[in-house]
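For reference, the structure is listed below as structure tokens.
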Amino acid sequence: MSDTARRPHKPGKPGKPYRRPQKDPVRILAFDALRAVDERDAYANLVLPPLLRKAREKGGFDGRDAALATELVYGTLRRQGTYDAVIAACVDRPLREVDPPVLDVLSLGAHQLLGTRIPTHAAVSATVELARVVLGDGRAKFVNAVLRKIAQHDLDGWLEQIAPPYDDDPEDHLAVVHSHPRWVVSALWDSLGGGRAGIEELLAADNERPEVTLVARPGRATTGELLREDAAVPGRWSPYAVRLAEGGEPGAVDAVREGRAGVQDEGSQLVALALANAPLDGPDRTWLDGCAGPGGKAALLAAVAAERGAVLLAGERQPHRAGLVARALAGNPGPYQVITADGTRPPWRPGSFDRVLMDVPCTGLGALRRRPEARWRRRPEDLDGFAPLQRGLLRTALESVRVGGVVGYATCSPHLAETRAVVSDVLKQFPGAELIDARPLFVGVPELGEGPDVQLWPHLHGTDAMYLALVRRTG
């Protein structure tokens, strides 16, 4: 019997042997993550870890596999706008008419071809095999044809074709080249203050993989302990920060597993420390984190408060996030309290606190490195939904602090409508308060602008684009 006769024939293809598609666990995992992001509005940083953990438990999935799967997911999401434009140039129908699972496979293939060092033939063949497994042979042929068109140019070659000239339409050019929605480009440019070089550097930084930064919670862990870990180096600005080089796994660090340290961007640490170190008139015994979920800033504030004999109250409106705060603060060396409370209708009396932090809900445009899918989900009209809440929370904060105390208004968005506009509007209605200069409290951090507020930037400071305004209650 011939070898051909021993193998099944594909229906409709007489005489042609049928080959089963080869399952590639790395690319299947990446595809599953992208589908979860698309179908369930999930975030990759929440979806990917359990998928990776499950793959490791099955066996045969090592650190290099995990690194590749992570790069495929995050790289594809960050460059989605650019890849959509490339794919649109290679198909004979509007992208909205391409089934989303097919588009996810094409985007994974585009990233391998245009955004990694994977050889062209390997990127095409592996993606077509993935298509055969998850889409079927018919649609795999379509994927193969499109990928071969994409492979005809490198990324620079494609950008020359699909991006309008900068001189004709600067915002649209930057949107396509750097894979950000046009309205986000415009908003970030306004916040940054003009100039092509700065906005290009910022948008490029949004597309880079962020470092993993740990915080050693005072009284519970030290940076010295964390620096004994492999691939650990000191933070740039925060005295409690330690950075893990590429491939460093926070879950492998004892102090993180035990809650004595945590994963926290250095910008987030700096904002909490600036509020903690702001000069006060009078006593310094009671602190409030009024929007405490998920608990990173609250844990750092509670630890610093404990060292000074102060007490932190952490309030969070959503019960499940209040649970995360309680978990982050468990084991704090001093007294603290976590409550479920609406910061716009607080259960505490006015003037109860010496220091108040309000890290308000926002669009999250300052953390696009970590949540790349957020740039495609947010819309300009989202600002209108956040605006009343942000103003209400800042008013509550000013009412909650005593005369002589300090409020920190923080956002993880550099959008002017969520930062300076909010502070300006509320202070006009609250005459018994004044802005104080936050810049001296960011010790050693360069390029903090004209003040008195502080805006951090990924391309300048290596942090998320955190914003902080400090306000002293005067009457």
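I'm checking my understanding of the structure. Among residues of the stretch 53-74 that are of a type in the set (A, V, I, L, M) and open to solvent by 20 Å² or more (accessible area, probe 1.4 Å), which one is farthest from His111 (Cα to Cα)? Steps first, please.
The first filter runs over the stretch 53-74 and keeps only residues of a type in the set (A, V, I, L, M), leaving 55, 66-69, 72-73.
After this cut, where a residue has to be open to solvent by 20 Å² or more (accessible area, probe 1.4 Å) as well, the list is 67-68.
Numbers: Ala67: 15, Leu68: 12 Å.
Only one residue fits best here, namely Ala67.
Is it the case that Thr419 is touching a helix residue (DSSP H, G or I) at 6+ places or on another chain (Cβ under 6 Å), β-branched (Val, Ile, Thr) and under 24 Å from Asp206 (Cα atoms)? Don't jump to the end; show me each part of the working.
Values: touching a helix residue (DSSP H, G or I) at 6+ places or on another chain (Cβ under 6 Å): no; β-branched (Val, Ile, Thr): yes; under 24 Å from Asp206 (Cα atoms): yes.
It is false that Thr419 is touching a helix residue (DSSP H, G or I) at 6+ places or on another chain (Cβ under 6 Å), β-branched (Val, Ile, Thr) and under 24 Å from Asp206 (Cα atoms).
Within the stretch 198-254, count every residue that is open to solvent by 20 Å² or more (accessible area, probe 1.4 Å), polar (S, T, N, Q) and touching a Lys or Arg at 6+ places or on another chain (Cβ under 9 Å).
Of the residues in the stretch 198-254, 1 are open to solvent by 20 Å² or more (accessible area, probe 1.4 Å), polar (S, T, N, Q) and touching a Lys or Arg at 6+ places or on another chain (Cβ under 9 Å).
Considering only residues that are in a loop (DSSP other than H, G, I, E, B) and either open to solvent by less than 70 Å² (accessible area, probe 1.4 Å) or in contact with a Leu (Cβ under 8 Å, 6 or more places away or on another chain) (or both), which ones fall in the stretch 139-152? Lay out the reasoning, then the answer.
Of the residues in the stretch 139-152, the ones in a loop (DSSP other than H, G, I, E, B) are 151-152.
Passing the criteria: only Ala151.
What number goes with the only condition from (1) farther than 26 Å from Pro250 by Cβ; (2) assigned to a helix (DSSP H, G or I); (3) open to solvent by less than 30 Å² (accessible area, probe 1.4 Å) that Leu77 does not pass?
Of everything listed in (1) farther than 26 Å from Pro250 by Cβ; (2) assigned to a helix (DSSP H, G or I); (3) open to solvent by less than 30 Å² (accessible area, probe 1.4 Å), Leu77 misses just condition (1).
Just one of Pro170, Pro101 is within 23 Å of Leu29 (Cβ to Cβ), surrounded by fewer than 19 Cβ atoms within 10 Å (Cβ to Cβ) and within 28 Å of the chain's Cα centre (by Cα); which is it? Before you say what the answer is, go through the steps one by one.
On the way: Pro170 fails: within 23 Å of Leu29 (Cβ to Cβ).
On inspection, the qualifying residue turns out to be Pro101.
Just to verify a result, which residue in the stretch 177-186, among those that are open to solvent by 10 Å² or more (accessible area, probe 1.4 Å) and under 16 Å from Glu208 (Cα atoms), is farthest from the chain's Cα centre (by Cα)?
So the first thing to find is which residues in the stretch 177-186 are open to solvent by 10 Å² or more (accessible area, probe 1.4 Å), and the list is 177-178, 181-183, 186.
Checking which are under 16 Å from Glu208 (Cα atoms) leaves us with 177-178.
Numbers: Val177: 20, His178: 17 Å.
Filtering first and then ranking leaves Val177.
With the requirement that a residue be under 20 Å from Leu95 (Cβ atoms) and open to solvent by less than 10 Å² (accessible area, probe 1.4 Å), what does the stretch 112-123 give you? Step through it out loud before you land on a result.
Taking the stretch 112-123 as the starting set, the residues that turn out to be under 20 Å from Leu95 (Cβ atoms) are 112-115.
Matches in the stretch 112-123: Gln112 only.
Where in the stretch 335-429 are the strands (runs of 3 or more DSSP E), entirely inside, with at least 2 residues that are crowded, with 22+ Cβ neighbours inside 10 Å and in contact (Cβ under 8 Å) with a residue 40 or more places away in the chain?
Working: elements: 336-340, 353-359, 401-411.
Qualifying strands (runs of 3 or more DSSP E): 353-359, 401-411.
Just give me the residues in the stretch 261-307 being closer than 30 Å to Ala232 by Cα, open to solvent by 10 Å² or more (accessible area, probe 1.4 Å), touching a strand residue (DSSP E or B) at 6+ places or on another chain (Cβ under 7 Å) and of a type in the set (Gly, Ala, Ser), in sequence order.
Residues satisfying the conditions are Gly293, Gly296.
When you look at Ala126, is it touching an Asp or Glu at 6+ places or on another chain (Cβ under 7 Å), in a helix (DSSP H, G or I) and either open to solvent by less than 20 Å² (accessible area, probe 1.4 Å) or farther than 22 Å from Ala417 by Cα (or both), yes or no? Walk me through how you get there before you give the answer.
Numbers: touching an Asp or Glu at 6+ places or on another chain (Cβ under 7 Å): yes; in a helix (DSSP H, G or I): yes; either open to solvent by less than 20 Å² (accessible area, probe 1.4 Å) or farther than 22 Å from Ala417 by Cα (or both): yes.
Yes; evaluated as a whole, the condition is true for this residue.
What's the number of the only condition in (1) closer than 21 Å to Arg27 by Cα; (2) surrounded by fewer than 18 Cβ atoms within 10 Å (Cβ to Cβ); (3) modelled with pLDDT of 95 or more that Glu160 fails to meet?
If we test Glu160 against (1) closer than 21 Å to Arg27 by Cα; (2) surrounded by fewer than 18 Cβ atoms within 10 Å (Cβ to Cβ); (3) modelled with pLDDT of 95 or more, just (1) comes out false.
Among the residues of the stretch 430-475, count how many are in a loop (DSSP other than H, G, I, E, B), open to solvent by less than 40 Å² (accessible area, probe 1.4 Å) and in contact (Cβ under 8 Å) with a residue 40 or more places away in the chain. Break it down into steps so the answer makes sense when it comes.
Let us first name the residues in the stretch 430-475 that are in a loop (DSSP other than H, G, I, E, B), namely 430-432, 437-438, 442-453, 456-457, 462-466, 474-475.
So of that shortlist, the ones also open to solvent by less than 40 Å² (accessible area, probe 1.4 Å) come out as 430, 432, 438, 442, 445, 448, 451, 453, 456-457, 462-466.
Now narrow it down to the ones that are in contact (Cβ under 8 Å) with a residue 40 or more places away in the chain: 432, 438, 442, 445, 456-457, 462-466.
Result for the stretch 430-475: 11.
How do the pairs read when you match residues in the stretch 43-58 that are farther than 23 Å from Gly364 by Cβ with residues anywhere that are surrounded by 19 or more Cβ atoms within 10 Å (Cβ to Cβ) and not β-branched (Val, Ile, Thr), using Cβ under 6 Å and keeping only pairs 6 or more apart or on different chains?
Qualifying pairs under 6 Å: Leu52/Ala66; Ala55/Leu29.
Kindly check whether there is at least one residue in the stretch 53-65 that is modelled with pLDDT of 95 or more and either hydroxyl-bearing (Ser, Thr, Tyr) or more than 27 Å from the chain's Cα centre (by Cα) (or both).
Going through the stretch 53-65, the residues modelled with pLDDT of 95 or more turn out to be none.
The answer is no; no qualifying residue exists.
Could you figure out which of (1) touching a strand residue (DSSP E or B) at 6+ places or on another chain (Cβ under 7 Å); (2) closer than 30 Å to Thr120 by Cβ isn't true of Glu246?
Tallying (1) touching a strand residue (DSSP E or B) at 6+ places or on another chain (Cβ under 7 Å); (2) closer than 30 Å to Thr120 by Cβ, Glu246 fails exactly one: (1).
Of the conditions (1) under 20 Å from the mean Cα position of the chain (by Cα); (2) touching a residue at least 24 places away in the same chain (Cβ under 8 Å), Trp189 fails just one. Which one is it?
Evaluating Trp189 over (1) under 20 Å from the mean Cα position of the chain (by Cα); (2) touching a residue at least 24 places away in the same chain (Cβ under 8 Å) leaves (2) as the failure.
Return yes when Ala322 is of a type outside the set (Asp, Glu), at pLDDT 95 or above, part of a helix (DSSP H, G or I) and farther than 21 Å from Gln390 by Cα and no when it is not. Break it down into steps so the answer makes sense when it comes.
On the way: of a type outside the set (Asp, Glu): yes; at pLDDT 95 or above: yes; part of a helix (DSSP H, G or I): yes; farther than 21 Å from Gln390 by Cα: no.
Criteria not met by Ala322.
Right, Arg327: in contact (Cβ under 8 Å) with a residue 12 or more places away in the chain and within 22 Å of Gln80 (Cβ to Cβ) or not? Explain how you work it out, then say what you get.
Numbers: in contact (Cβ under 8 Å) with a residue 12 or more places away in the chain: yes; within 22 Å of Gln80 (Cβ to Cβ): no.
In short, no.
Among the listed residues Arg19, Arg117, identify the single one that is modelled with pLDDT under 90 and either more than 22 Å from Arg378 (Cα to Cα) or in a loop (DSSP other than H, G, I, E, B) (or both).
From the options Arg19, Arg117, the qualifying one is Arg19.
The values are calculated or read from the model by the stated rules, or taken from the named source; none is laboratory data. Everything quoted here is computed from the prediction, not taken from an experiment. Don't worry about glycine lacking a Cβ; one is built from the backbone with ideal geometry, like all the others, and counts go over all protein chains shown. Only protein heavy atoms, including side chains, enter the accessible area calculation; ligands, DNA and RNA are left aside. Shrake-Rupley method; radii C 1.70, N 1.55, O 1.52, S 1.80 Å.
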